[in-house]
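Structure record follows, encoded as structure tokens.
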Amino acid sequence: MAFDGITIANLTKDFSDKLTGGRIYKIAQTESDELFITVKLSFENADKYGIKQEKLVLSADASLPLAYLTDESKASPMTAPNFCMLLRKHIQNGRIISVTQPGGLERIIRFEVEHLDEMGDLRHKVLLIEIMGKYSNIIFTDENNMIIDSIKHIPASVSSVREVLPGREYFIPSQDKANPLTTTADEFSSCVLSKGMPIFKAIYSSYTGLSPIIAQEICYRSGVDADKSAISLDTSESIAVYRAFNDVMNLIRDGEFSPVVVYEDDAPKEYASIPLTLFGMDDNNADSSQSDATVEAAGLYSFKKFDSISNLLQNYYAEKNVVTRIRQKSVDLRKIVQTSLERNVRKYDLQLKQMNDSEKKDKYRVYGELLTVYGYSAEPGAEKITVNDYNTGKDVTITLDPTLTPSQNAKKYFDKYTKLKRTAEALEEQMKETKDAIDQLESIQTALEIAQKEADLAQIKQELADSGYIKSHPTGKNGRKEKITSKPFHYLSSDGFDIYVGKNNIQNDELTFKTANGGDWWFHAKKIPGSHVVLITGGKEVPDRAFEEAAALAAFYSKGKVQEKVEIDYVMRKEVKKPSGAKPGFVVYYTNYSMAIAPDISSLKLISD
């Protein structure tokens, strides 16, 4: 799904309609590559839209660049980064006088702001966001197109094509593509129809801002096979393709956008700012007056329309952006856990080898006992002796030290036995500690996969700090730990029963031993890391379907979620015990039921997370 030039054109129109004339009230840099700007709308727009301010998100994240208006707020860092402070100095309280998209359908949005400088003179500044994948950036320039600063600095050592540094002149990176909004029939023919490649590829490779799906849409509207070679089109086909192309460009030129997401089997397949008729959608389906409604189409496809492209992007990408950000923020934790896990696995393998070696201890004890009984028969200076083992009735050959007496040889074997016995006893305790550490670290890995919010990561950090894997750094006021607000997942079964799922080991303990009552049911994936799942009965009889749905949750939130089926243990909560001194999330139970179930939770309703 492409964040293409048409999507940018739709955003630019929305931003222009709402934000032009508004004043920049607050500027926050919520991430290293993201701005959160609050704009107080002009009196005219405030009356028109029934709101007094808008919140603008501009993200230059390399993996998921975004720009959209939102109703939600975002936490700001305690200390504003330098780029944010610079923007506050220059354009906070400034008035947005225009929002444009330079270069036709370039993936750039340009905000021109007027403000008063220190001398009280009226000045113009420009804030640009370039949404270009890993090359995305937010750039601040003066009225003469000179770069004042940018959220990412790009020196010549990184890009020989264009430096993005303070004092450099700003220019749009060239792609050697034509502007689709100004092209003529003759230009279309020379740009597109002369290429020996599929017609849809010839279209999007010739013009800025067009994605493959839009090029396919143009071909579909023209009735020409998108895979047919552009150079092989006859006159009627060439005319049909250009007319379809021009019709789509007219929609963009006239600002007639209809943001829509196409779903295939309930999964998002594509989105666009114009009707995608190749999936069975027509102009009636795309009526913008039916906003945020799902319209069924022929075949497997359905459509969800939105009243604005910001709402579409926020619904589709914002959730994905959160996941991406959380994965970025958990990189260090993942590395710590992985390194500790690998170290403990190596340690356990070494301990296991030592334990296998210590199994010889009983043989040495027997040798000592046999030499005590039969050692008198050994000839002086003998290097070995063969005697009958009265325990098994078989002959045993024992190696001797010829410089020692039989009794001294017996003592030597007893000493070996005693040493290995002590080693085995120590190893048994050490192996238990190491295995517990491995189980805990594997469960933390699973918790990191489940984490959706920074509060979830904070709880995992707390467990790692409590277990000694990382140093504890109090960050709250007066050196106190910040209050953690992460809560378990809360699902509602088909029969109306509450089901809770722990996101990490600390939550697992709280859920099992504080939230659940003895008469509730407890679920966990058998012998693999996973969440504790509690089915709250409320004293009612629980139907089989509720058991199956709770088990499916235990399967889904476990390391086995990639398997076709996962074996789940379930038992009444009163049967679950926590051994004294056990690590977070570790419990025991001795009687239980089991079922194998697919990790499919599509039928369950998530109440809160």
* Taking the Cα centre of segment 334-446 as the origin and placing charges on Cβ (Lys, Arg +1; Asp, Glu -1), which of T423, N409, L350 is farthest toward the positive end of the dipole? -> L350
* For segment 334-446, size of Cβ-based charge dipole, Lys and Arg +1, Asp and Glu -1, in debye -> 320
* To do: Return a whole-number percent for the relative contact order of the chain, with Cα pairs under 8 Å and 6 or more residues apart as the contact set.
  => 8
* Structure fact -> Answer check: segment 334-446, Cα atoms, Kirkwood Rh, Rg/Rh ratio of 1.25
* **segment 334-446: relative contact order in percent, alpha carbon pairs under 8 Å with at least 6 residues between** => 40
* Which lysines does K89 reach when only Cα atoms under 25 Å apart count, and residues fewer than 8 places away in its own chain are ignored? -> K18, K26, K40, K52, K55, K74, K125, K152
* To do: Per DSSP H run of n ≥ 4, the term is -39500 (n - 2.57); total these for the chain, divide by its residue number, and report the mean residue ellipticity at 222 nm rounded to 500 deg cm²/dmol.
  => -11500 deg cm²/dmol
* Just going by the charge dipole of segment 489-608, with Lys and Arg at +1 and Asp and Glu at -1 on Cβ, which of P584, P599, G496 is farthest out on the positive end? -> P584
* Asked: Considering every Cα-Cα pair within segment 501-597, what fraction, in whole percent, is farther apart than 19 Å?
  -> 34
* Where a ≥ b ≥ c are the square roots of the eigenvalues of the C-alpha gyration tensor, would you call segment 85-153 rounded, which needs a/c under 1.5, or, failing that, prolate if a/b is larger than b/c, or oblate? -> prolate
* Asked: To the nearest 10 degrees, how steeply does helix 82-91 sit against the main Cα axis of the chain, on a 0 to 90 scale?
  -> 20
* With respect to the cross-link table entries K435/K527; K461/K526; K13/K134; K578/K605, which display a Cα-Cα separation exceeding 19 Å? -> K461/K526; K13/K134; K578/K605
* Structure fact -> Proxy exposure order for H532, H90 (fewest C-beta within 10 Å first) is H90, H532
* All other residues with a Cβ under 12 Å from the Cβ of F245 taken together, and with Lys, Arg as +1 and Asp, Glu as -1, what is their net charge? -> -1
* Structure fact -> Quick calc, segment 5-150, dipole around Cα centre from Cβ unit charges on Lys, Arg (+) and Asp, Glu (-), nearest 20 debye, gives 260
* Structure fact -> Summing +1 per Lys or Arg and -1 per Asp or Glu among the other residues with Cβ less than 12 Å from D117's Cβ gives -2
* To do: In vacuum, with every alpha carbon of the chain counted as one equal point scatterer, what does the Debye formula give for log10 I(q)/I(0) at q = 0.08, 0.09, 0.10, 0.13 Å⁻¹? Two decimals, please.
  => -0.79, -0.92, -1.06, -1.33
* For segment 1-137: span of alpha carbons on each principal axis (Å, largest first) -> 44, 36, 29
* With charges set only on the Cβ (+1 for Lys and Arg, -1 for Asp and Glu), what does the dipole of the chain come to about its Cα centre, in debye to the nearest 20? -> 2700
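Readers should treat all values here as calculations from the given coordinates under stated rules, not as data from a laboratory. What you see is a predicted model; the values in this text were computed from it and never measured. Cβ sites come from the backbone with ideal geometry, for glycine too, and all protein chains shown count toward neighbours.
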